[in-house]
Amino acid sequence: QTGLKDAVSGHFLIGAAINQRQSDGKDANATKVLKRHFNTIVAENCMKSGLLQPRENKFDFRAADRFVDYAEKNGQVPIGHCLIWHSQAPRWFFTDDEGKRVSREVMIERMRKHISTVVGRYKGRIKGWDVVNEAIEDDGSFRRSPFYEIVGEDFIEIAFKAAHEADPDVELYYNDFSMSKPGKRAAVCRLVKRLKDAGCRIDGVGMQSHNGLDYPDLSDYEASIDSFAACGVKVMITELDVNVLPNPRGFGGAAVEQNFEYQKKYNPYTAGLPEDMAEKLRERYKALFDIYRRHSGQISRITLWGISDANSWLNNWPVPGRTNYPLLFDRKYNEKPVVDDIINMYK
Ligand code: G3I
């Protein structure tokens, strides 16, 4: 039977982020879907710095090793995510014993040590790394992360150089969300140019693609694919999903009572997605895969951010306990009708 990977072969790799239970081999349904439909996986969490190096120089590679073994065993191309990201970096990364921020020199040393240890460990086994994740704001300015504040703008170059030194053959990517926004698009293009001018290897730009039913504007999305490709890098759709629930701002970390109110108001589809919504989701995925097909010379990989709706981070964001339907496989790992639509589109 034709799977998604067979349908899109010759265009790009197609895969999914997998969670630790899955890469530990404890989710037979996931393995079955992967083998039939996908040929590349990325670790949803277990290769982030907080998990790999929870304390300085105390690396814990157990879960990440199992992820790479699992990929090899199941014929999946493994992608590494992510070396430098403020959001899941452990607190010690930025502070000294007294809790004060470290100097630029110390920060650079810690970045280099983390990158060379992690990339070096999987040398020759990982196809490519998200080297830096989410360093630019939607308006195109640098995100004021501790990496930026302590090291300065060149923390990105430093990270790419360290990764290249640790494995000269591995592909290196810059990855970010809201990549359709014109300000961000322009800034990412400037960043790619800057990295190239500084003599850094950069193979690709990852467009996370956490989409909704009505965002982003698809012509902006296409414009970004064209712009990144024009910078001389491969485009990767790295964290694809389609959120069917509304996301009013300001509820993150809300109190329990507030969450409860939120659920009543904004989590309306707990009994299943109504038919008209399911149809909208299907049309949205078709529109996206139509864009990918038309831009297939520019795109080298599509990665969904999860296999089944049961696994999606969108069940826990912006508050826990939501029932979301963002992926291509339902909670029982059954294909949604759009899987066949996509396969037929690529025939
Ligand atoms: O594993 C622990 C568990 O032991 C603990 O009891 C529980 C209580 O909070 O937390 C569990 O860890 C959670 C982990 O996901 C695994 O489920 C973390 O709290 C939670 O913060 C973490 O969320 C991840 C998030 O990144 C933050 O790192 C999501 O799964 C993951 O999908 C999400 O992925 C990011 C990409 O890396 C970058 N782009 C955006 C994307 C979505 O936010």
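What the table shows:
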read-out: Where only C-alpha atoms are counted, convex hull volume of the range 116-207 per residue in Å³; value: 85 Å³
read-out: Cα-only Debye scattering, the range 4-345: base-10 log of I(q)/I(0) at q = 0.07, 0.10, 0.13 Å⁻¹; value: -0.28, -0.60, -1.04
read-out: Tilt relative to the chain, helix 28-37 - C-alpha long axis, 0 to 90 degrees, to 10; value: 90 degrees
read-out: Taking the chain and dividing mean pair separation by its residue count, relative contact order in percent (alpha carbons under 8 Å, at least six apart); value: 18 percent
read-out: Percent antiparallel among DSSP beta bridges (both partners in the range 4-345, rounded to 5); value: 10 percent
read-out: Principal-axis tilt of helix 275-294 within the chain, Cα atoms, nearest 10 degrees; value: 50 degrees
read-out: Angle in degrees between helix 62-73 and the longest Cα principal axis of the chain, rounded to the nearest 10; value: 50 degrees
read-out: The range 59-129-the range 205-219 distance, computed between alpha-carbon centres (Å); value: 27 Å
read-out: Where N is the number of residues in the range 4-100, Cα Rg divided by 2.2 N^0.38 Å; value: 1.28
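Just so you know, all these numbers are worked out from the coordinates, no wet-lab data involved. Source: prediction; values computed, not measured.
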